[in-house]
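See structure below.
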Amino acid sequence: MELYKKSAAELSALIKNKSCSVEEATKSVMDRITQVENKVDAYITICEQDALTKAREVDEKIAKGEELHPLAGIPIGIKDNISTKGILTSSASKMLSNYIPPYNATVIDKINSAHMIITGKTNLDEFAMGSTTETSYYKPTKNPHNLAKTPGGSSGGSAAAVSAGQAVLSLGSDTGGSIRTPAAFCGVVGLKPTYGAVSRFGLIALASSLDQIGPIGRTVTDVAMLYSLICGHDNMDATTKNIKHGDYAKNLSSDIRNISIGIPTEYFNLDLNDEVRDSITKAIKKYEELGCNIKEISLSSNEYALPTYQIISAAEASSNLGRYDGVKFGYRSSDYANLNEMYVNTRSEAFGDEVKSRILLGTFALSAQGYNDYYYKAKLMQQQISSEFTEAFNECDAILTPTTLTSAFDLGTDAIGDADSCTVAANLAGLPAINLPCGLDSDSMPIGMQIIGKKFDEQTILNIAFAYENACGIVNMPEIV
Amino acid sequence: MQINIDQTSKLAMLKIDKSKYEQLQNKLTSILKSVDEMPRMTEDLKVLDADNPMELREDIPIDDKDRLSRDELLSNAPQVQAGCLVVPKIVE
Amino acid sequence: MNDYEIVVGLEVHAELSTESKMYCNCKNEFGLEVNTRVCPICMALPGALPTLNKTAVDYAVMMGHALNCKINSVSKQDRKNYFYPDLPKAYQISQAEVPVCEDGHLDIVVDGEVRSIGITRIHIEEDAGKLLHDDSFDGSLVDCNRGGVPLIEIVSEPDIRSSAEAKAFLDMIKLTLQYLDISDCKMQEGSIRCDVNVSVRKKGQKEFGTRCEMKNVNSFSAAVRGIEYEAKRQIELIEAGGTIEQETRRWDDVKGESITLRTKEDAHDYRYFPEPDLLTIVIPDEKIAELKKRLPELPSKKMLHYMIDLGISQTEAMLLVESDDKSKMFDECESLGATPNAVLNWVLGDISKYMNESGKSIFDTHLTSEKLCELISLIEAKTISNAAGRVVFEELLQRDIDIKTIIEEKGLAQISDKDALLEIARKVIEDNAQSVADYNNGKTNALGYLVGQCMKASKGKANPSMMKELILSLIE
Ligand SMILES: [Mg+2]
Ligand SMILES: [Zn+2]
């Protein structure tokens, strides 16, 4: 039985009715990692021994008849910018290539208390800055559907691992599309939750006002299960909202009749690849068949979302990354004669080019010279973009767009700057958005659509995705060649 | 507008390789240009969101037995001496 | 020098005596072993996030009320970015745009005149860690225990016109913090510190001169010295034909001089922006009102009453206001109608001495304000002498007993009967002929000796002023 191919829901049922043990499931995933990791490079750290030990412990609990969480025993990969106590958490940077956190992120505590099995820490763009995983200090991750292509980023390792069967589920983080873009490129489901739905405590910050941790899985049900586990108010994160969350998986419904889906014309005026356009158009037709009301809507400021995002995220990042100074943790240059040289050499030697360029942009945007014309102007535009969404949601329940302009492109392509142009607006407005596979292109590369919802209305976009998935199926796990 | 890389990198505690100046300058300039071309929303920025108040933390200190030890907290520090972090000598 | 006016604005940082730190639940305690009051949050470990201490906000609002500020029911926090080893995050969480309190004033009395000093704002922020320098070691050491301790920063308007006003202002800020019981105010532990902005201008000139900011002023007396030094430096420079450059200077209290820390050109660009890890601070109006009700009677109001209404000197008024016990005893006696000066003498004299020596509160003894008033009126009515009054006072500290009983028990009633006193006087003159002769030869202090002998003979009960008059009438 190739257990690594099972969805979390299937595996959970098998474990529950004792058709397989957690150890067997874990071993199957670990063997798959051994088999394909040298091709995919999804992981920075693989926790094989810990995972197997943990798996046996969970089996013992099951043997004792303990009532466990439905996700107990499910192997999960964790993006390497989420703090795991005692396990290297590098954020794919030379700066943190020796950093072992003494504490767990809140989401890790939740995963541990549900007795999920952590397979390892997945690769990403350095400090989550990128859309291809190529800015990783360690290595680029490859797209399991075609090893010459990028898996997308920054949660490229998390999406590739799930796509390739090297994890059943994974956690990513999304600041401007970092869950949805790689999910689209790798043909998996990825949810960026509403800002404030999931605790960021322990997530190594890129841009604090935009970052959210979210689930990646091969099915909508799996994503809903993991989201239900990780969401909720946290005393350690003042930006989490204290609202009641239901069980998103149990409440999944494929009856989406009379749901109205807005189609923002502006997204289709973008430089969209024809095959992507065709797939999305077909998906919209499918939704009509499923009984949805399709409405054309306008999000006219979307064309400014990308520069707005670039300024705000860089500004916050420049401040968030000040703490990497060679004093408390991480890398320290060995070449310095005084404090200033230690700061400058440490940071210049250990940050990659992309990180440096964003720090410079952000530092400038917040400086006396740049504040009004760049940071403040971008904040004004962010406000405009948000209010356009609020207006749009008076007319529809959810908004459907492409996730990316193209399918995955070749590694080494000078990273297409516009990779995030469909995804950043949801972050700027703090809205939940999901990527759902909606077909393959002529090269058999996955295409993704994005469904954006109202704040804290993850259930609606999960249902919309669930209905489509029920009708059209999921992407087959690729042969890794 | 252009970014003065010397000045900005000094603020950011970074040293930029001269060989990378041009490429970097082009990249940053193109982002700034797209912001320059963006319309400026005249509406005032709402800096205070009273509808989204923050829950404050009760003033209760952590129990000594629950806190991380100094060794754990300093375990990642590049240089430690007498329970302190060490930095190059600062002359005041 | 006299043609110039000094203009001073102050920024006072006060550590709040909360149980936990501002943004994490580490204990807020002073003087512990290095780096034992730290956690991932105040050490700025990757991924750690701040949460704001409710009590710190309450304390800031209380101080705002005490300084007559407008309290902002909605405010926010900002990041102030700069690199320094005592600041692990490389930014301080502070308030830039919208502080908790704005637009207040504090009244002080200097040279018998009331001065109202404007308060620009009071905001909350976090303290930095400490750098330790040890000559035996090639490097500096960082202790983060103080990092994240809650601070309020109180910023005054440039309304202060002399070092004496600055001192009175600082004293009153400190007293107010103590009255509210929101800060330990231990100067030696650095729990209150201030930055001083000084400029000078020709008297009558409307515009302000260019100001210099002085850092590292670690005591109020240093603030006085620093202001005087800085004003003198600026005046001399202007008089010599120079101009003042806006700059930040560092006060060296040991050398008694300030030196340039940075000029306007290398002024920091702190890149303030809204703290994205925290949301808006919303304090409901009912809460603001409730915190106002918590205020005790404020020291500035008391100072004004003592100095302006009662004419008590600055030093003595300060001595009263600084001590809860002394001002309480004084106020009670005053409201019972006792002569303020007499009460003041007792409170700042014997009561103060008792409290210092015993380390106890006067309210833990059997002395009450009613008894002190009775004692004062008995002395004023000359029923007992001052000396006898002291004896009564000592008894009242120890025993719950009424004054009449003490006077009877100890036979302390003063003799004011002229015949009885005359008899004593005649006897003393007879026995001390030499002193009488001395007095008549111009040695006036012989009179004191004679009166003293009379007092002794009366076992201290004679009315000393009557005694003196009688002696004089007999020997002149
Ligand atoms: Mg300050
Ligand atoms: Zn702490």
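The values are calculated or read from the model by the stated rules, or taken from the named source; none is laboratory data. Just so it is clear, the model here is predicted, and its values are computed rather than measured. All Cβ positions, glycine included, derive from the backbone under ideal geometry; neighbour counts span all protein chains shown. For the accessible areas, the whole protein counts, side chains as well, though only heavy atoms, and no ligand, DNA or RNA atoms are used. Shrake-Rupley method; radii C 1.70, N 1.55, O 1.52, S 1.80 Å.
Show me the strands (runs of 3 or more DSSP E) found entirely inside region C:107-199 where at least 3 residues are within 14 Å of chain B (Cβ to nearest Cβ) and away from ligand 1 (no atom under 16 Å from the Cβ).
C:130-133, C:140-143
When you look at C:V217, is it over 20 Å from C:T243 (Cβ atoms) and over 15 Å from the mean Cα position of the chain (by Cα), yes or no?
yes
Out of region B:55-92, which residues are hydrophobic (A, V, I, L, M, F, W, C) and modelled with pLDDT of 95 or more?
Once the filter is applied, which keeps residues that are hydrophobic (A, V, I, L, M, F, W, C) and modelled with pLDDT of 95 or more, region B:55-92 yields B:L56, B:I60, B:I62, B:L68, B:L73, B:L74, B:A77, B:V80, B:C84, B:L85, B:V86, B:V87.
Does region A:315-332 hold any residues that are open to solvent by less than 10 Å² (accessible area, probe 1.4 Å) and either in a loop (DSSP other than H, G, I, E, B) or within 7 Å of chain C (Cβ to nearest Cβ) (or both), and which are they?
Result: A:A315, A:E316, A:S319, A:G322, A:Y324, A:D325, A:G326, A:V327, A:K328, A:F329, A:G330.
Based on what the data block shows, is C:K80 of a type outside the set (A, V, I, L, M, F, W, C) and over 22 Å from C:G9 (Cβ atoms)?
Considered against the rule, which asks whether it is of a type outside the set (A, V, I, L, M, F, W, C) and over 22 Å from C:G9 (Cβ atoms), C:K80 comes out as no.
Residues to consider are C:L319, C:L237, C:L261; find the one that is open to solvent by 40 Å² or more (accessible area, probe 1.4 Å), outside any loop (DSSP other than H, G, I, E, B) and free of Cβ contacts under 8 Å to residues at least 12 places away in the same chain.
One residue alone meets the criteria, C:L237.
Answer yes or no: is there a residue in region C:44-56 that is open to solvent by 10 Å² or more (accessible area, probe 1.4 Å), hydrophobic (A, V, I, L, M, F, W, C) and either within 31 Å of the chain's Cα centre (by Cα) or more than 16 Å from ligand 2 (Cβ to nearest atom) (or both).
There is no residue in region C:44-56 that is open to solvent by 10 Å² or more (accessible area, probe 1.4 Å), hydrophobic (A, V, I, L, M, F, W, C) and either within 31 Å of the chain's Cα centre (by Cα) or more than 16 Å from ligand 2 (Cβ to nearest atom) (or both).
Could you tell me whether any residue of region C:251-263 is among the basic types (K, R) and modelled with pLDDT of 95 or more?
no
Working only within region A:356-379, note down all residues that are polar (S, T, N, Q) and open to solvent by 30 Å² or more (accessible area, probe 1.4 Å).
Listed by number, the residues that qualify are A:Q369, A:N372.
Quick check: is even one residue across region A:132-154 surrounded by fewer than 24 Cβ atoms within 10 Å (Cβ to Cβ), out of contact with any Leu (no Cβ under 8 Å at 6 or more places or on another chain) and of a type in the set (D, E)?
There is no residue in region A:132-154 that is surrounded by fewer than 24 Cβ atoms within 10 Å (Cβ to Cβ), out of contact with any Leu (no Cβ under 8 Å at 6 or more places or on another chain) and of a type in the set (D, E).
Can you pull out every residue in region C:79-106 that is within 13 Å of ligand 1 (Cβ to nearest atom) and either outside any strand (DSSP E or B) or more than 14 Å from chain A (Cβ to nearest Cβ) (or both)?
Those that are within 13 Å of ligand 1 (Cβ to nearest atom) and either outside any strand (DSSP E or B) or more than 14 Å from chain A (Cβ to nearest Cβ) (or both): C:Y82, C:L87, C:Q95, C:A96, C:P99.
Would you confirm whether or not region C:35-42 contains a residue that is more than 21 Å from C:F169 (Cα to Cα) and more than 16 Å from ligand 2 (Cβ to nearest atom)?
No, region C:35-42 contains no residue that is more than 21 Å from C:F169 (Cα to Cα) and more than 16 Å from ligand 2 (Cβ to nearest atom).
Within region A:314-322, does at least one residue satisfy the condition of being touching a Phe, Trp or Tyr at 6+ places or on another chain (Cβ under 6 Å), polar (S, T, N, Q) and within 29 Å of A:S83 (Cβ to Cβ)?
Yes, region A:314-322 contains at least one residue that is touching a Phe, Trp or Tyr at 6+ places or on another chain (Cβ under 6 Å), polar (S, T, N, Q) and within 29 Å of A:S83 (Cβ to Cβ).
So the check is Cβ under 9 Å with 6+ separation or different chains; which pairs have a first residue in region C:323-336 that's assigned by TED's automatic domain parsing to the domain that holds C:F363 and a second one that's open to solvent by less than 60 Å² (accessible area, probe 1.4 Å) and of a type in the set (D, E, K, R)?
C:S327/C:K302; C:D331/C:K302
C:A381 versus (1) open to solvent by 10 Å² or more (accessible area, probe 1.4 Å); (2) modelled with pLDDT of 90 or more; (3) closer than 24 Å to C:N341 by Cβ: which is the lone unmet condition?
Failing condition for C:A381: (2).
For region A:178-289, which strands (runs of 3 or more DSSP E) that fit wholly inside it have 3 or more residues that are more than 16 Å from the chain's Cα centre (by Cα)?
A:260-264
Kindly establish whether C:E11 is more than 8 Å from ligand 2 (Cβ to nearest atom), assigned to a loop (DSSP other than H, G, I, E, B), more than 8 Å from chain B (Cβ to nearest Cβ) and surrounded by fewer than 23 Cβ atoms within 10 Å (Cβ to Cβ).
No, not satisfied.
Could you count how many residues in region C:57-78 are in a strand (DSSP E or B), open to solvent by 20 Å² or more (accessible area, probe 1.4 Å) and more than 8 Å from every other protein chain (Cβ to nearest Cβ)?
Final tally of qualifying residues: 2.
Would you please list the contacts, defined by Cβ atoms under 6 Å and residues six or more apart or on different chains, that run from a residue in region A:374-403 that is closer than 18 Å to A:G453 by Cα and more than 14 Å from every other protein chain (Cβ to nearest Cβ) to a residue that is surrounded by 21 or more Cβ atoms within 10 Å (Cβ to Cβ) and of a type in the set (S, T, N, Q)?
A:T401/A:Q450; A:T403/A:N435; A:T403/A:Q450
Looking only at region C:14-24, which residues are in a loop (DSSP other than H, G, I, E, B), crowded, with 24+ Cβ neighbours inside 10 Å and either at the interface with chain B (Cβ under 7 Å from one of its Cβ atoms) or away from ligand 2 (no atom under 15 Å from the Cβ) (or both)?
C:L16 - this is the single residue of region C:14-24 that is in a loop (DSSP other than H, G, I, E, B), crowded, with 24+ Cβ neighbours inside 10 Å and either at the interface with chain B (Cβ under 7 Å from one of its Cβ atoms) or away from ligand 2 (no atom under 15 Å from the Cβ) (or both).
Given the structure, is A:H115 away from chain C (no Cβ under 14 Å), touching a strand residue (DSSP E or B) at 6+ places or on another chain (Cβ under 7 Å) and open to solvent by 10 Å² or more (accessible area, probe 1.4 Å)?
Answer is no for this residue.
For region C:11-23, what are the residues that are more than 16 Å from ligand 1 (Cβ to nearest atom) and either touching a Pro at 6+ places or on another chain (Cβ under 7 Å) or not assigned by TED's automatic domain parsing to the domain that holds C:D58 (or both)?
C:T18, C:E19, C:S20, C:K21 - these are the residues of region C:11-23 that are more than 16 Å from ligand 1 (Cβ to nearest atom) and either touching a Pro at 6+ places or on another chain (Cβ under 7 Å) or not assigned by TED's automatic domain parsing to the domain that holds C:D58 (or both).
Name the helices (runs of 4 or more DSSP H) wholly within region C:372-443 that hold at least 1 residues that are within 20 Å of C:E332 (Cβ to Cβ)?
C:386-398, C:403-410
Which of the numbered conditions does A:D414 fail, given that it passes all the others? Conditions: (1) of a type in the set (D, E, K, R); (2) at pLDDT 95 or above; (3) open to solvent by 20 Å² or more (accessible area, probe 1.4 Å).
Result: A:D414 passes all but (2).
So, in region B:47-92, how many residues would count as being among the basic types (K, R) and either surrounded by fewer than 13 Cβ atoms within 10 Å (Cβ to Cβ) or touching a Phe, Trp or Tyr at 6+ places or on another chain (Cβ under 7 Å) (or both)?
1
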